[in-house]
1. If each residue's Cβ is checked for other Cβ atoms within 10 Å, how do Leu15, Leu91 rank with the fewest at the top?
2. How high is the FRET efficiency from Ala42 to Ala116, r the C-beta distance, R0 41 Å, rounded to 0.05?
3. Using 1/(1 + (r/R0)^6) with R0 = 30 angstrom and r between the beta carbons of Thr169 and Gln104, what's the FRET efficiency to the nearest 0.05?
4. Over the Cα atoms of the chain, what is the Rg over Rh ratio if Rh follows Kirkwood?
5. Please list the radius of gyration and Dmax for segment 1-88, considering alpha-carbon atoms only, with Å as the unit.
6. Give me the percent of Cα-Cα pairs in segment 145-195 that sit more than 15 Å apart, rounded to a whole number.
7. Taking the Cβ of Asp136 as the centre, find all other residues whose Cβ is under 13 Å away and add up their charges (Lys, Arg: +1; Asp, Glu: -1).
8. Averaging sequence separations of C-alpha pairs under 8 Å and six or more residues apart, then dividing by the length of the chain, give the relative contact order as a whole percent.
Amino acid sequence: MSTFLRQLRPAVVVLALFTVLAGIIYPVVATGIGQLAFRDEANGSLIVRDGHVVGSALLGQSFAGQAYFHPRPSAAGADGYDGSASSGSNLGPLSPDLRSAVEQRVAAYRTENGLAADQAVPVDAVTASGSGLDPDISVANARWQAQRVATARGMSLDLVYELIADHTTERTFGVLGVPAVNVVQLNLALDDASA
């Protein structure tokens, strides 16, 4: 029995020590550093207009209508863009369901944006991201939608292109990723420019 107690005591002490270190001290320090050094990011990169939260720069949301840029399709939740159900569709590249959905989206994209039947469509316009909540689209996708948005808002195409350029993020460190356009921020800028 004394051997058991001799072995139990260090196990309990180590459990208590690591519970305090990893369960209390580390989260408090990490949260404190996040709030001091990266307050906006740590709080979700929320976009506030007139004292109300209208979205997050990190999460895509649905925009309908001809006057708005449309984000990537979303597989998050039953209706898409559900932050509590973030996920992809889990359909593989050989899935007939995925092929059918993409074909329908390609046809709808071409029709909506006045493209020819043989015009290539950016892949991000017709496929969901892995999270289903990606706020960004490719620059090509934004430029294909620009004419529709400019016409619907009665704006010049050059102004819409300028807003796209203003809301394009470049590659991280000049080499990682690809340039992308944040749809939420771009649509809010369009509303501001139209006001």
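Rule-based calculations on the coordinates, nothing more; no lab input. Given the structure is predicted, the values throughout are model-derived calculations rather than measurements. We place every Cβ from the backbone using ideal geometry, glycine too, and count neighbours over all the protein chains shown.
1. Details: Leu15 10, Leu91 17.
Ranking Leu15, Leu91 by Cβ neighbours within 10 Å, fewest first, gives Leu15, Leu91.
2. On the way: r = 46 Å, r/R0 = 1.13.
For R0 = 41 Å, the calculated efficiency reads 0.30.
3. Numbers: r = 30 Å, r/R0 = 0.99.
Efficiency, rounded to the nearest 0.05: 0.50.
4. Numbers: Rg = 23.4 Å, Rh = 19.9 Å.
Over the Cα atoms of the chain, Rg/Rh equals 1.17.
5. Here Rg and the maximum Cα pair distance are 23.0, 78 Å.
6. Working: 583 of 1275 pairs.
The proportion of pairs with Cα distances above 15 Å equals 46 percent.
7. Values: positive: Arg72, Arg171; negative: Asp124, Asp134, Glu170.
Surrounding charge for Asp136 is -1.
8. In percent, rounded to a whole number, it is 19.
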